[in-house]
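What follows is a set of notes on a single structure, which appears directly below.
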Amino acid sequence: MDSMKIEALKELLGTPKKIIIVVHKNPDGDAIGSGLGLKHFLTQYGHTVEMIVPNEYPKFLKWLPGTKQVLNFEWETSKSKYLIKEAEVIFTLDFNHLSRTGNMESVLENVDSDFVMIDHHQSPSDYASFMYSDVNMSSTCEMVYHFIDKLNGLDKITPEIAACLYTGIMTDTGSFKFASTSKTTHIVVADLIDKGAQNHEIHQNVFDNNSPSRLHLLGVALKNLVILEEYNTAFTYLTQSELDQYGYSKGDTEGFVNYGLTLEKIVFAVIFIENTEEGIIKISFRSVGDFSVNEFARDNFNGGGHNNAAGGRSEKGMQETIDTFVNLLPHYKDLLLSK
Ligand code: 5GP
Ligand code: MN
């Protein structure tokens, strides 16, 4: 966002406004952390701020400061719709297209409030009057920190805001190990610790709160792992009956896809997860190096994301989806073996 836009936004936010913050469907640590961090920040300026999530989010994020005030569009639809209609400013965080908000899309399309986008996904669409999009950023939480800086508000970062932003940077960078983690990311994180983020506690809250169902499902996913050495690729899957057998709950499978990448030589890892309620197979793609899973997901599975982390979906059954996937690999052989 250029400096003129920042000045215009400062002016807009110069008097108390009714503000809504929206994040993507199936919110992750970066979505919830950036939404709540921004909510706490804006509230200090006298704005009325509500955060609305399209649907439920994982239990391992429910300790975040302010989590109890988050509205769930699926459960509180009329109230959410009313608040969106009344809003003067709508911040959309951690997504690049309104369709990523699921059922909220049609509501958001029909309001004329000012939209502010803060996001690090590729190919952003242009619905926002204020657009802060940077695909080189580690996370939307890091961007919210820079955004606060642009508004000269760094001294307004409380320990609660610091905890929210730290959490999203930590989860979106795989605990500071992905290629998107820059020197600046570390400087931001250091400042957040300085401002009161209890880093040790945050890691524990997020990663050391496993349920037995999650560990059992991890066992199943690892057992189901298929390694296709000739394509430097590994994939796994979880069927609905496997999920049911071990008492799956939301968030249990978060991060499972990354295990494939810990194998020597593997540059492309995938997990297929059946969701019979939605009638889809949800797919997560991860890569290391130059192979763009964003393009792979966009071109073949109605999805997208980042170069090294993307998602998509299939409306075919599990076996057919996996067959389709495996049959695509020969077309990508050169890219997969180029490392
Ligand atoms: P995950 O595999 O963890 O669900 O998602 C990985 C990344 O891809 C995240 O940044 C997420 O926002 C994005 N992503 C996941 N599913 C989709 C999708 O269906 N469409 C698009 N455009 N992005 C997705
Ligand atoms: Mn993100």
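Structure values in brief
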{"read-out": "Answer from Val111, Val135, Val116 - the residue that is buried (at least 18 other Cβ atoms within 10 Å of the Cβ) and either within 19 Å of the chain's Cα centre (by Cα) or away from ligand 2 (no atom under 16 Å from the Cβ) (or both)", "value": "Val116"}
{"read-out": "Among (1) loosely packed, with under 13 Cβ neighbours inside 10 Å; (2) farther than 17 Å from Ala234 by Cα; (3) small (Gly, Ala, Ser), the one test that Ser338 misses", "value": "(2)"}
{"read-out": "Residue list for region 23-52, filter: under 16 Å from Met104 (Cα atoms) and away from ligand 2 (no atom under 14 Å from the Cβ)", "value": "Glu50, Met51, Ile52"}
{"read-out": "Residue that is touching a Ser or Thr at 6+ places or on another chain (Cβ under 6 Å) and crowded, with 18+ Cβ neighbours inside 10 Å, where the choices are Thr185, Thr171, Thr253, Thr236", "value": "Thr185"}
{"read-out": "Thr92 being modelled with pLDDT of 95 or more and assigned to a helix (DSSP H, G or I)", "value": "no"}
{"read-out": "Single match in Glu74, Glu105 (criterion: within 16 Å of ligand 1 (Cβ to nearest atom), free of Cβ contacts under 8 Å to residues at least 40 places away in the same chain and either part of a loop (DSSP other than H, G, I, E, B) or touching a helix residue (DSSP H, G or I) at 6+ places or on another chain (Cβ under 9 Å) (or both))", "value": "Glu105"}
{"read-out": "Residue match in region 211-223 (condition: away from ligand 2 (no atom under 16 Å from the Cβ) and in contact with a Pro (Cβ under 9 Å, 6 or more places away or on another chain))", "value": "no"}
{"read-out": "Unique match (being of a type outside the set (Gly, Ala, Ser), without any contact (Cβ under 8 Å) to a residue 40 or more places away in the chain and surrounded by 20 or more Cβ atoms within 10 Å (Cβ to Cβ)) among Phe325, Phe301", "value": "Phe301"}
{"read-out": "Filter result (hydroxyl-bearing (Ser, Thr, Tyr), outside any helix (DSSP H, G or I) and within 13 Å of ligand 1 (Cβ to nearest atom)) within region 9-34", "value": "none"}
{"read-out": "Which numbered condition Ala87 misses (of (1) buried (at least 17 other Cβ atoms within 10 Å of the Cβ); (2) over 26 Å from Asn205 (Cβ atoms); (3) aliphatic (A, V, I, L, M); (4) out of contact with any Ser or Thr (no Cβ under 7 Å at 6 or more places or on another chain))", "value": "(4)"}
{"read-out": "Meets criteria (touching a strand residue (DSSP E or B) at 6+ places or on another chain (Cβ under 9 Å), more than 10 Å from ligand 1 (Cβ to nearest atom) and within 16 Å of Ser338 (Cα to Cα)) for Phe272", "value": "no"}
{"read-out": "Unmet criterion (only one of (1) part of a helix (DSSP H, G or I); (2) of a type in the set (Ser, Thr, Tyr); (3) touching an Asp or Glu at 6+ places or on another chain (Cβ under 9 Å)) for Tyr259", "value": "(3)"}
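Listed here are the residues, each with its yes/no results for (1) within 22 Å of Gln122 (Cβ to Cβ); (2) touching a residue at least 12 places away in the same chain (Cβ under 8 Å); (3) within 13 Å of ligand 1 (Cβ to nearest atom).
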{"site": "Asn258", "(1), (2), (3)": "yes, yes, yes"}
{"site": "Thr276", "(1), (2), (3)": "no, yes, no"}
{"site": "Asn308", "(1), (2), (3)": "yes, yes, yes"}
{"site": "Leu336", "(1), (2), (3)": "yes, yes, no"}
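Yes/no per residue for (1) out of contact with any Ser or Thr (no Cβ under 9 Å at 6 or more places or on another chain); (2) farther than 30 Å from His331 by Cβ; (3) within 16 Å of ligand 2 (Cβ to nearest atom):
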residue	(1), (2), (3)
Ile193	yes, yes, no
Gly196	no, yes, no
Asn199	yes, yes, no
His203	no, yes, no
Asp208	yes, yes, no
Val226	no, no, no
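The values are calculated or read from the model by the stated rules, or taken from the named source; none is laboratory data. Note that this is a predicted model, so its numbers are computed, not measured. Glycine gets a Cβ as well: all are built from the backbone with ideal geometry, and neighbour counts include every protein chain shown.
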